[in-house]
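These notes are about the structure you will find just below.
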Amino acid sequence: MFQKWKRNDASSKKKLIYAVVFAMFWLKMTFIQGGVFTLGLENINQAAILAFNPLSSIFLLFGLGILLAGRKGLLGAYILGSVLLYLNVLFYREYNDFITIPMLGQLANLAGLGGSITNILSATDIFLFVDVVAAIFLLIYLNPSRIQSFLPKRKEGLVLAAIAVPLFLINLGWAQTERPELLKRAFDRNLLVKNIGVLDFHIYDSVLQGQTEMKKTFADSNELVPALNYINEKDVDPNSELNGVAEGKNVILLSLESTQTFVVDRELNGKELTPYFNDLKEEGAYFSNFYHQVKQGRTSDSEFILDNSLYGLNRGAAFFTHAGNEYEATPEVLGEEGYTSVNMHANDQTFWNRNVMYDSLGYDKYFSKKDYDVTEDKSYGWGYLDEYFFSDSLDKMEELEQPFYSKMITLTNHYPFTLPEDKKLIEEGDTSSGTLNRYFQTIRYQDEALKQFVEEFKRSELYDDTVLVIYGDHFGISENHQKAMGEYLGKDINDYEQFQLQRVPLLILGEGIEPKEHDTVGGQIDLRPTIMNLLGVDDDNPVQFGHDLFSKDRNEMTITRDGNFANEDYVGVNETCFDRETGEKVEGEACAEGFKQAQEELELSDSIVYGDLLRYLDETEMIDQERN
């Protein structure tokens, strides 16, 4: 009887240790999901779901750990889970998003993050690992010699892992009372994590990745037909008056890093943030309702969208995941018209896999870091300062065979937005966000560097024979800084205002292009057809989702990668409808058609990229000709 009591006592201690270890990890997940991530809880039910959803992933993770390696496996699972959570914390601070499997392939980019890594680390992060030390004490120090029956049994691991299944099903059913068809909204990772938890999200992401890999393997030419039919149905004629106005001229695309429209015509402490651009936009066609459409690929997404008039991917970046696809991109099409196409970016050649992707897109030359005089005194933060990059790039373009198509990608106005003291032309801001405060300074520096470039360009022989397109590539200030943005702008930043902050400047300068401000609603996906029409090039690639921004028949519409949209009348964000002019909520079904179109268009674009369907374009065109 005494032996039985001893066994029961040891078993009770083991269960207690299990309970403490499970509880510690649950508290960690609950704190991170509710306190670190900005998931936007709206009611008590959502808060309860957020507290419940860690359980299934904890039982699965720890159950598999015990099943594979007993007590050491349990500790290994605890450490693995903690590291994965912390990586998501760091990623979320930088990108306001969660890690996906395609993004894991981009870890080589961490070598180029420099100051960004330092800025997203926090001294208080050490407290996210205090529980790991406690777990090591409980699972290693209190070893079997101290608690005789503590060795976990493999069957216990199997039972725990099995319990995870009904827990997840309960969680999913409960979550779908808040958001029906939750798992169909894979593009909204915040929503998924809020409802199923960050670790279960990674499991779901693995399932999506498997499906993605299969799409290309089993794709055929018939899958291209729905996209062609959709595009033909939405097709509009480009502006005939501007057709060929820049025929045979060079094109310079200037991608301004992290530049948003909210800085245009605004001041800080009585000083203009972009004084030169404010004047320059009076000389060309300026689009004030032009939106970026990027996701995890950031600048590379904007490049992909611009050159293909296809949407970037919701998970990862096409520059990494689909660099081997067949494309009929702008450089390739213009190459057939006698254009030389080049990219200019003073970063490492392999950064974001550009050296591989640029070949796939048809670029003739890539001027990377090795082609610039990048010295320590000319560099800061992310690398080569814009003023030197602009000067060197103009010299290179003057030596190119004409006509040319050139894209320049700047670096200085990049998170964490730092500058040498002698380059700070205005004081920092005084909002509650250090990031936003520094952003004002790098924006002002970028504007001064832009002035240097454009004025030098105007004095060059290229000026009369070139169309200059200046645009912002993506946001610089994420929604993590809504409070500070509200302080600067003097208003609350709700979903509508946050969406409007995704506008980036677009300015097109060239002979024959009327200086005028356009309030046309458009996005980066419209740049290719706009440029092609100005050049008078017959773009025979039928798979493009954009339309000429100058078209008089244009159906004003822009779609973001999150499935949100803006058109002439409304802005649709997170299934809520707003009046575009006033920002007031609109009840009823006013935005239903817009959300439907957004979802359909994104899915069709994804099918093309995931299935590598442009490889079947010649075959599809031949079938159409036979039918006609």
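The values are calculated or read from the model by the stated rules, or taken from the named source; none is laboratory data. Keep in mind it's a predicted model, so treat the numbers as computed, not measured. A quick note on method: Cβ atoms are made from the backbone with ideal geometry, for glycine too, and the neighbour counts reach across all protein chains shown. We work out accessible area using only protein heavy atoms, side chains counted, and drop any ligands, DNA or RNA first. Shrake-Rupley method; radii C 1.70, N 1.55, O 1.52, S 1.80 Å.
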Total residues in the stretch 314-331, condition outside any loop (DSSP other than H, G, I, E, B) and of a type in the set (A, V, I, L, M) | 1
Across the stretch 334-362, the tally of residues that are at pLDDT 95 or above, outside any loop (DSSP other than H, G, I, E, B) and either open to solvent by less than 10 Å² (accessible area, probe 1.4 Å) or aromatic (Phe, Trp, Tyr) (or both) stands at 7
Could you check ARG554 against (1) buried (at least 17 other Cβ atoms within 10 Å of the Cβ); (2) of a type in the set (Lys, Arg); (3) under 26 Å from GLY316 (Cβ atoms) and say which number it fails?
-> (3)
Just one of GLY362, GLY335 is at positive phi, without any contact (Cβ under 8 Å) to a residue 60 or more places away in the chain and in contact with a strand residue (DSSP E or B) (Cβ under 9 Å, 6 or more places away or on another chain); which is it?
-> GLY362
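State all residues of the stretch 584-598 that are closer than 19 Å to ILE231 by Cβ and free of Cβ contacts under 8 Å to residues at least 12 places away in the same chain; if no residue qualifies, say none. Give the derivation first.
We begin by selecting, within the stretch 584-598, every residue closer than 19 Å to ILE231 by Cβ; these are 593-594, 596-598.
GLU593, LYS596 - these are the residues of the stretch 584-598 that are closer than 19 Å to ILE231 by Cβ and free of Cβ contacts under 8 Å to residues at least 12 places away in the same chain.
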What is the one condition in (1) surrounded by fewer than 15 Cβ atoms within 10 Å (Cβ to Cβ); (2) modelled with pLDDT of 95 or more that MET29 does not satisfy?
-> (1)
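I'm trying to understand the selection: among the residues of the stretch 33-71, which are more than 21 Å from ASP97 (Cβ to Cβ) and not in a helix (DSSP H, G or I)? Give the steps one after another, and end with the answer.
Of the residues in the stretch 33-71, the ones more than 21 Å from ASP97 (Cβ to Cβ) are 43-45, 47-48, 51-52, 55-56, 58-71.
Correct list: ASN43 only.
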Keeping to the stretch 243-273, report how many residues are among the aliphatic types (A, V, I, L, M), assigned to a loop (DSSP other than H, G, I, E, B) and surrounded by fewer than 21 Cβ atoms within 10 Å (Cβ to Cβ).
-> 1
Considering only residues that are open to solvent by less than 10 Å² (accessible area, probe 1.4 Å) and assigned to a loop (DSSP other than H, G, I, E, B), look in the stretch 280-293 and name the one that is nearest to ILE252 (Cα to Cα).
-> GLY284
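Counting only residues that are part of a helix (DSSP H, G or I) and touching a helix residue (DSSP H, G or I) at 6+ places or on another chain (Cβ under 6 Å), how many does the stretch 377-393 have? Let's see the steps before the verdict.
Of the residues in the stretch 377-393, the ones part of a helix (DSSP H, G or I) are 377-378, 386-393.
Now restrict to residues that are touching a helix residue (DSSP H, G or I) at 6+ places or on another chain (Cβ under 6 Å): 378, 386-388, 390.
The qualifying residues number 5.
Can you tell me how many residues within the stretch 61-112 are hydroxyl-bearing (Ser, Thr, Tyr) and modelled with pLDDT of 85 or more? Steps first, please.
Filtering the stretch 61-112 for residues hydroxyl-bearing (Ser, Thr, Tyr) gives 78, 82, 86, 92, 95, 100.
Next, only the ones that are modelled with pLDDT of 85 or more stay: 78, 82, 86, 92.
Going through the stretch 61-112 one residue at a time, the tally reaches 4.
Determine whether the stretch 141-154 contains at least one residue that is at pLDDT 85 or above and either more than 30 Å from TYR380 (Cβ to Cβ) or assigned to a helix (DSSP H, G or I) (or both). Outline the logic, then answer.
Within the stretch 141-154, the subset at pLDDT 85 or above is none.
No, the stretch 141-154 has no match at all.
Yes or no, residue by residue, for (1) in a helix (DSSP H, G or I); (2) at pLDDT below 95; (3) of a type in the set (Val, Ile, Thr):
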| site | (1), (2), (3) |
| --- | --- |
| ILE525 | yes, no, yes |
| ASN533 | yes, no, no |
| ASP539 | no, yes, no |
| VAL543 | no, no, yes |
| LEU549 | no, no, no |
| LYS552 | no, yes, no |
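Looking at the stretch 416-440 only, could you name the residues that are over 16 Å from SER258 (Cβ atoms) and either of a type outside the set (D, E, K, R) or surrounded by fewer than 18 Cβ atoms within 10 Å (Cβ to Cβ) (or both)? Working first, answer last.
Just the residues of the stretch 416-440 that are over 16 Å from SER258 (Cβ atoms), to begin with: 420-428, 430-432.
Within the stretch 416-440, PRO420, GLU421, ASP422, LYS424, LEU425, ILE426, GLU427, GLU428, ASP430, THR431, SER432 qualify.
Among the small types (Gly, Ala, Ser) and either surrounded by fewer than 20 Cβ atoms within 10 Å (Cβ to Cβ) or within 23 Å of SER393 (Cα to Cα) (or both), is that true of GLY324?
On the way: among the small types (Gly, Ala, Ser): yes; either surrounded by fewer than 20 Cβ atoms within 10 Å (Cβ to Cβ) or within 23 Å of SER393 (Cα to Cα) (or both): yes.
Against the criterion (among the small types (Gly, Ala, Ser) and either surrounded by fewer than 20 Cβ atoms within 10 Å (Cβ to Cβ) or within 23 Å of SER393 (Cα to Cα) (or both)), GLY324 qualifies.
Just checking, how many residues over the stretch 41-59 are more than 19 Å from ILE163 (Cα to Cα) and in contact with a helix residue (DSSP H, G or I) (Cβ under 7 Å, 6 or more places away or on another chain)?
Narrowing the stretch 41-59 to residues more than 19 Å from ILE163 (Cα to Cα): 41-48.
Now narrow it down to the ones that are in contact with a helix residue (DSSP H, G or I) (Cβ under 7 Å, 6 or more places away or on another chain): 41, 45-46.
Count: 3.
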In the stretch 548-559, which residues are of a type outside the set (Lys, Arg), touching a residue at least 40 places away in the same chain (Cβ under 8 Å) and farther than 20 Å from GLY512 by Cα?
-> ASP553, ASN555, MET557, THR558, ILE559
When you scan the stretch 395-436, how many residues do you find that are part of a helix (DSSP H, G or I), more than 22 Å from SER302 (Cβ to Cβ), in contact (Cβ under 8 Å) with a residue 24 or more places away in the chain and out of contact with any strand residue (DSSP E or B) (no Cβ under 9 Å at 6 or more places or on another chain)?
-> 1
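When you scan the stretch 296-313, how many residues do you find that are in a loop (DSSP other than H, G, I, E, B) and either among the aromatic types (Phe, Trp, Tyr) or open to solvent by 10 Å² or more (accessible area, probe 1.4 Å) (or both)? I'd like the intermediate steps shown before the answer.
We begin by selecting, within the stretch 296-313, every residue in a loop (DSSP other than H, G, I, E, B); these are 296-297, 309-313.
After this cut, where a residue has to be either among the aromatic types (Phe, Trp, Tyr) or open to solvent by 10 Å² or more (accessible area, probe 1.4 Å) (or both) as well, the list is 311.
Number satisfying all stated conditions: 1.
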Using beta carbons and a limit of 6 Å, which pairs, at least six apart or on different chains, have the first residue in the stretch 525-547 and under 19 Å from GLU511 (Cβ atoms) and touching a residue at least 60 places away in the same chain (Cβ under 8 Å) and the second one of a type in the set (S, T, N, Q) and open to solvent by 10 Å² or more (accessible area, probe 1.4 Å)?
-> ASN533/ASN243; GLY536/ASN243
Is at least one residue of the stretch 571-583 farther than 30 Å from GLU336 by Cβ, in a strand (DSSP E or B), touching a residue at least 12 places away in the same chain (Cβ under 8 Å) and open to solvent by 60 Å² or more (accessible area, probe 1.4 Å)?
-> no
All conditions in (1) more than 27 Å from ALA285 (Cβ to Cβ); (2) without any contact (Cβ under 8 Å) to a residue 60 or more places away in the chain are true of ASN480 except (2)
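Only one of LEU306, LEU254, LEU280 is closer than 28 Å to SER391 by Cα, at pLDDT 95 or above and touching a strand residue (DSSP E or B) at 6+ places or on another chain (Cβ under 6 Å). Can you tell me which? If you could, list the steps in order and put the result at the bottom.
Details: LEU306 fails: touching a strand residue (DSSP E or B) at 6+ places or on another chain (Cβ under 6 Å); LEU280 fails: touching a strand residue (DSSP E or B) at 6+ places or on another chain (Cβ under 6 Å).
Only one candidate qualifies: LEU254.
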Can you tell me which residue among GLU461, GLU514, GLU487 is in contact with a helix residue (DSSP H, G or I) (Cβ under 8 Å, 6 or more places away or on another chain), open to solvent by 40 Å² or more (accessible area, probe 1.4 Å), acidic (Asp, Glu) and touching a residue at least 40 places away in the same chain (Cβ under 8 Å)?
-> GLU461
In the stretch 557-570, which residues are part of a loop (DSSP other than H, G, I, E, B) and surrounded by fewer than 24 Cβ atoms within 10 Å (Cβ to Cβ)?
-> THR560, ARG561, ASP562, GLY563, GLU568, ASP569
